[in-house]
Every structure is written in C-alpha cells, then in structure tokens.
Amino acid sequence: MNSKQLISRNKEQYYKALIADNGKLNEIDLGEKLGLDEKETREIIVLLLSEHKIEYLENGVCEYSCMKIVKRKRKNKGS
C-alpha cells in the first residue's frame with residue numbers, strides 16, 4: 001500500500017471515528033486511539049478541513065466537528 005492510499009484510509013477511519021465519538025475525546029487522543037501519532041492526526045485534520053468535512057469549534061473536549069450539509073431550496077425567479 002502506498003502512502004497516498006494509507007493516508008486516504010487513515011483519513012476515512014479518523015472521520016468515521018470522529019462522527020462516532022461525538023466530541024468525547026479530543027482530536028489527538030482520538031487519533032492515538034486509532035494508532036496515529038500527533039503529526040499524522042494533524043495532517044488528517046488539515047485534509048478534512050480543506051475538504052469541508054469538518055469545522056473548527058472552540059467548545060467541548062474536541063475542537064473539531066463534522067460539517068452539517070445544508071441543502072438550499074432554489075427560489076423561483078419572478079415569484
């Protein structure tokens with residue numbers, strides 16, 4: 001497995017774990033629980049932030065939260 005595949009796999013595992021954990025562990029401890037070191041965890045967080053899958057929040061134990069997808073209704077022009 002090459003490094004891109006490994007990062008992608010770890011990113012998906014981390015993202016799923018972040019959702020399941022629901023803010024109980026901080027982001028570094030969650031990474032360690034998955035066998036990642038702090039550097040790997042921070043790299044994954046940067047990727048997830050850049051993909052708009054997570055957002056930074058300053059409350060609770062974990063400072064990151066999964067983004068909620070909001071679907072906007074189209075407004076009819078001329079109505």
Would you pick out the residues in the range 20-58 that are touching a residue at least 12 places away in the same chain (Cβ under 8 Å) and surrounded by fewer than 12 Cβ atoms within 10 Å (Cβ to Cβ)?
24, 52
Among the residues of the range 3-26, write down those that are at pLDDT below 95, charged (D, E, K, R) and under 19 Å from residue 67 (Cα atoms).
21, 24
Does the range 27-45 contain at least one residue that is modelled with pLDDT of 95 or more and among the small types (Gly, Ala, Ser)?
yes
Of these, 58, 63, 51, which one is modelled with pLDDT of 95 or more and not small (Gly, Ala, Ser)?
51
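The values are calculated or read from the model by the stated rules, or taken from the named source; none is laboratory data. Here the structure is a predicted model, which is why all the values come from computation and not from measurement. Methodologically, a virtual Cβ is constructed for each residue, glycine included, from the backbone with ideal geometry; neighbour enumeration extends over all protein chains shown.
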